[in-house]
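K.L.:
Once you've had a glance at the structure underneath, I'll fire off some questions.
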Amino acid sequence: MVSVEEGGTMARSRKGFTLIELLVVIAIISVLIGLLLPAVQKVREAASRMKCRNNLKQIALAIHNYHDTHNLFPQGGGDPGSENPAVRTFYFGWTFHIYPYIEQDNLYKLAPNDPFVDINTVTNGATILNTLDQTPINTFYCPSRRKVALYHNSAVTDYAGNTGSTATDGVIIVINGPKDRRVHLGMIRDGKSNTLLVAERRINLADISNGNDCYDNEPAVRAANDCDVLRRAQSYGGSWLTPAQDQNTPNSIACGVYGGGGLCQFGSSHTGGMQGALCDGSVRFIRYGVDPTTFKSLCTRDSGDIVNFSNLD
């Protein structure tokens, strides 16, 4: 619009945001972002939790396929003495033994057929071990906790086999020698739907990359009988350790919070609880405030206890 000012001077009027209007718009946008961000985070966590759940389903299916082939569950790992990490596949963890059932045959076939051969003694043995140690497997990582990558130069897992309330009264148990007895389905007398098979494991996020936690510092494939790949309803303080949310606490405890105290505890990065696969292949959400005795009963295969699921969810 053109106007004639006094004296005949031509002037053009200007329209635009004033500073106050601009500040108001910015404030409104900030409020909207503040409202939307929690919703976006919830959607993202829901997607991560679903991916984690699917990982557990795949792992449970792989373990059952292993059982169909061998009539036994895979061993949890072992250490006959001074072999940690393990160098013979007999003492490798359950993670390695299910490789053929999670489309990782090429990695599985790198190792010698004889389970008692020290891989260091075969041709290119050191290269084989490095490849096994440093090849991340997507199925073993929960996206709520971390991305698929190497941590302290190792491929790790966020899931742990259930050894019970000790190292031997669960399902994926420690095997320290060829005479040790592994578990088969007929030994799960409490019922497959009442017994935990594999679940998420608790860690200290402050040590996730530095290897200071001795229960989160080894390659998943051959962590021997460590809690890097095994957890349990451990006796502690007159009760039983139940699942808990990951810590994020820098500390000076030798071997970290869990390795130093020997706490082989289940848990996760999820809010409210962890996810676990039962021996019937189903996946359940188990809350952090679960009754300790009920959780201990869920972890043992032949205790004769009745599992009250209303105390778990």
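Values quoted throughout were computed directly from the atomic coordinates according to the rules given, and no laboratory measurement underlies them. This structure is a prediction, so every number in the text was calculated from the model and none was measured. Ideal geometry is used to build each Cβ from the backbone, glycine not excepted, and the neighbour counts take in all protein chains shown.
K.L.:
Can you tell me which of 230-240, 216-226 comes out highest on packing, and rank the rest after it, using the mean Cβ neighbours within 10 Å?
P.N.:
On the way: 230-240: 19.4, 216-226: 25.9.
Packing proxy ranking, top to bottom: 216-226, 230-240.
K.L.:
Using a Cα distance threshold of under 26 Å, what count of lysine pairs results for the chain when pairs must be 8 or more residues apart or interchain?
P.N.:
For the chain, qualifying lysine pairs total 12.
K.L.:
Further, regarding this structure: Report for the range 17-311 the percent antiparallel among DSSP-assigned beta bridges with both residues inside it, nearest 5. All intermediate terms of the calculation are to be shown ahead of the outcome.
P.N.:
Numbers: 15 of 21 bridges.
Looking only at bridges with both residues in the range 17-311, the antiparallel portion is about 70 percent.
K.L.:
Further, regarding this structure: Given 0.36 nm per residue, what is the gain on full extension from residue 182 to residue 309 after removing their alpha carbon distance, in nm? Working shown, then result.
P.N.:
Working: separation 127, 0.36 × 127 = 45.72 nm, distance 2.74 nm.
My answer for the length gained is 43.0 nm.
K.L.:
What is the range 17-311's relative contact order, in percent, from Cα pairs under 8 angstrom and six or more apart in sequence? Spell out each step's value before the answer.
P.N.:
Working: 603 pairs, mean separation 61.6, N = 295.
RCO, the range 17-311: 21 percent.
K.L.:
Take every DSSP beta bridge whose two residues both sit in the range 172-292, then give the antiparallel share in percent to the nearest 5.
P.N.:
Working: 11 of 14 bridges.
Bridges in the range 172-292 are about 80 percent antiparallel.
K.L.:
Rounded to the nearest 20 Debye, what is the dipole magnitude of the chain about its Cα centre when Lys and Arg each give +1 and Asp and Glu each give -1 at the C-beta?
P.N.:
Values: 28 positive and 29 negative charges, 135 e Å.
The calculation lands at about 640 debye.
K.L.:
Okay, moving on. Once you place label points 7 Å from the Cα toward the Cβ at residue 35 and residue 302, how far apart are they in nm?
P.N.:
Simple spin-label model gives 6.0 nm for this pair.
K.L.:
Would you kindly state how much longer the chain becomes between residue 105 and residue 209 on full extension, computed as 0.36 nm times their sequence separation minus their alpha carbon distance, in nm to one decimal? Provide the component values of the computation, followed by the final result.
P.N.:
Working: separation 104, 0.36 × 104 = 37.44 nm, distance 2.83 nm.
Separation in residues times 0.36 nm, less the Cα-Cα distance, equals 34.6 nm.
K.L.:
With an 8 Å Cα cut-off and a minimum separation of 6 or more residues, compute the relative contact order for the range 68-159 in percent.
P.N.:
On the way: 83 pairs, mean separation 16.5, N = 92.
Here the relative contact order equals 18 percent.
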